[in-house]
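This report refers to the structure that appears directly beneath it.
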Amino acid sequence: MKDLCSDEKLINPNWEKHGYIQVYTGNGKGKTTASLGLAMRALGRCWKVLIVMFTKGGDDYGELKSFRTLAPAIQNNLTIIQAGLNRIVYSDNKTEADEKVIKEGWETVKKAIKNNEYNLIILDEANIAIALKILDVDEVVEVLKNKPEEMEIVLTGRYADEKIIDIAHLVSRIEPVKHYWDTGVVARRGIEY
């Protein structure tokens, strides 16, 4: 079988050299899902992809199970870091342990950006980490402003700070129109996680 990436030009064709900052925010479902779809698209083009899942730990995510079964040629271009404990973090339950693991994830991101190690970096739930004041919005903005020219960076999560929105090139606000959770349906394996 032919290696998927053997003939693929790495990163952008000449006319697509600029990388952008994208933000997926709002109270609707689909922010992480959209970013992971973008990751799959980029991996299919042999891009090196880093996904840092802020505020998300544990192993019971369908996307993690799927990513682990990708073809080796694709899997070799993917790094996933969980910068969260095995629970949902809110303002009233965040702990020093939450802050420590989230900040460690952010240090990894800063190094990857500085060293230009990836073509696409997804900062899943970074907006939440900023809203919880675990990550400093001014520092995040400064790092993003100084990213390598061709690197694409995506931030997901509710409550995107206006400073992040201001520097972003693309902002999608996903708002709920109707959701089955309102009728008592709980999170379902394979759909919500």
Cβ-Cβ under 9 Å pairs, at least 6 apart or on other chains, the stretch 18-39 side over 18 Å from residue 131 (Cα atoms), far side part of a loop (DSSP other than H, G, I, E, B) and among the charged types (D, E, K, R): 18/149; 18/150; 19/147; 19/149; 19/150; 21/147; 29/192
Among all residue pairs at least 6 apart or on different chains, which show Cβ distances below 9 Å where the first residue, located in the stretch 99-112, is buried (at least 18 other Cβ atoms within 10 Å of the Cβ) and modelled with pLDDT of 95 or more and the second is of a type in the set (Asp, Glu) and part of a helix (DSSP H, G or I)? 106/139
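Which one of 125, 152 is charged (D, E, K, R), at pLDDT 95 or above, in contact with a Leu (Cβ under 6 Å, 6 or more places away or on another chain) and surrounded by 14 or more Cβ atoms within 10 Å (Cβ to Cβ)? Don't jump to the end; show me each part of the working.
Numbers: 125 fails: in contact with a Leu (Cβ under 6 Å, 6 or more places away or on another chain).
Step by step, each of 125, 152 is checked, and only 152 is charged (D, E, K, R), at pLDDT 95 or above, in contact with a Leu (Cβ under 6 Å, 6 or more places away or on another chain) and surrounded by 14 or more Cβ atoms within 10 Å (Cβ to Cβ).
Among the listed residues 80, 130, identify the single one that is touching an Asp or Glu at 6+ places or on another chain (Cβ under 7 Å), free of Cβ contacts under 8 Å to residues at least 40 places away in the same chain and crowded, with 17+ Cβ neighbours inside 10 Å. Please lay out each step first, then the result.
Details: 80 fails: touching an Asp or Glu at 6+ places or on another chain (Cβ under 7 Å).
None of the others qualify; the one that does is 130.
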Within the stretch 118-160, how many residues are aromatic (Phe, Trp, Tyr) and under 17 Å from residue 105 (Cβ atoms)? 1
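The values are calculated or read from the model by the stated rules, or taken from the named source; none is laboratory data. This one's a predicted model, so the numbers in the text were calculated from it and none came from an experiment. Note that each Cβ is placed from the backbone with ideal geometry, even for glycine, and that neighbours are counted across all protein chains shown.
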